[in-house]
Amino acid sequence: MSMRGAADDALLAGLAAGDRECTTAFVRRFQSRVFGMALSVVGDPALAEDVAQEAFVRAWRHAANYDARRAAVPTWLLAITRNLAIDTVRVRRAEPMEPDAIVALQLETTDAAPPDAAASNEDADRLRRALAELPVDQRRAVVLASIRGLTAQEISDAEAIPLGTAKTRIRAAMIKLRSSLAPIDKDGERD
């Protein structure tokens, strides 16, 4: 029987049993989806290749524990990949920056066409001004949440404040930013 037409579960069973032909067919069948999932999470092709390779190794290690009642093989494999990619991003997160230093960065785009670049720079200036107008505690909370990707609980821990306070700061900052950044109509009023 050709491995090309084999069912996903049959290939996975062959992978678990160490069958080279099934293993090769399994990897070929899912390699583009696994790599695509990894790339969408990590954003770096070289790192996505590492994640994809580790996902197949993990699938091989856990193939005997696969339960078809819980998920289809592609779903199971992509969940492994997604979890590995997220863990990789967390582990390889760059050195943390102070939220105030992030606000001070020049938010410029260099890959836009000249008219688009001007609009992008204007938007970045508006955002920088709107962030600067926020109270320091709200600015820190919204930058930690939106740029560093911290949860309210992580902000609470990092800033040594109650969870409710962290949530309130993020929400208040977002409301103020939304208001400050709302488009201005022809009469000079914010929408």
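Output the residue which, of all residues in region 74-91 that are without any contact (Cβ under 8 Å) to a residue 24 or more places away in the chain and hydrophobic (A, V, I, L, M, F, W, C), is surrounded by the most Cβ atoms within 10 Å (Cβ to Cβ). Step by step, filter region 74-91, then rank; the result is W76. Taking first residues from region 55-73 that are touching a residue at least 24 places away in the same chain (Cβ under 8 Å) and partners that are outside any loop (DSSP other than H, G, I, E, B) and small (G, A, S), the Cβ contacts under 8 Å between residues at least 6 apart in sequence or on separate chains come to A55/A38; W60/A16; A63/A13; A63/A16; A64/A16; Y66/A16.
Of all residues in region 125-149, those being among the acidic types (D, E) and surrounded by 15 or more Cβ atoms within 10 Å (Cβ to Cβ) number 1.
Just one residue in the set A94, A152, A68, A160 is surrounded by 15 or more Cβ atoms within 10 Å (Cβ to Cβ) and either modelled with pLDDT of 80 or more or at negative phi (or both); that residue is A152. Restricting the first member to region 138-164 and to residues that are over 22 Å from V89 (Cβ atoms), and the second to residues that are of a type in the set (A, V, I, L, M), the beta-carbon pairs closer than 7 Å and six or more apart or on different chains are Q138/A172; Q138/A173; R139/V103; R139/L131; R139/A173; E159/A166; L163/A152.
In the set D116, D123, only one residue is part of a helix (DSSP H, G or I) and modelled with pLDDT of 60 or more; that residue is D123. Residue count for region 11-26, restricted to those that are in a helix (DSSP H, G or I) and closer than 15 Å to H62 by Cα: 9.
Just so you know, in region 32-65 the residues that are among the basic types (K, R) and within 20 Å of D19 (Cα to Cα) include one that is surrounded by the fewest Cβ atoms within 10 Å (Cβ to Cβ), and it is R61.
If you check T75 against the conditions, is it in a helix (DSSP H, G or I) and either in the same structural domain as L144 (by TED's automatic domain parsing) or in contact with a helix residue (DSSP H, G or I) (Cβ under 8 Å, 6 or more places away or on another chain) (or both)? Before you say what the answer is, go through the steps one by one.
Values: in a helix (DSSP H, G or I): yes; either in the same structural domain as L144 (by TED's automatic domain parsing) or in contact with a helix residue (DSSP H, G or I) (Cβ under 8 Å, 6 or more places away or on another chain) (or both): no.
For T75, the condition - in a helix (DSSP H, G or I) and either in the same structural domain as L144 (by TED's automatic domain parsing) or in contact with a helix residue (DSSP H, G or I) (Cβ under 8 Å, 6 or more places away or on another chain) (or both) - is not met.
The values are calculated or read from the model by the stated rules, or taken from the named source; none is laboratory data. Computed from a predicted structure; not experimentally measured. Glycine also receives a Cβ, built like all others from the backbone with ideal geometry; neighbour counts cover every protein chain displayed.
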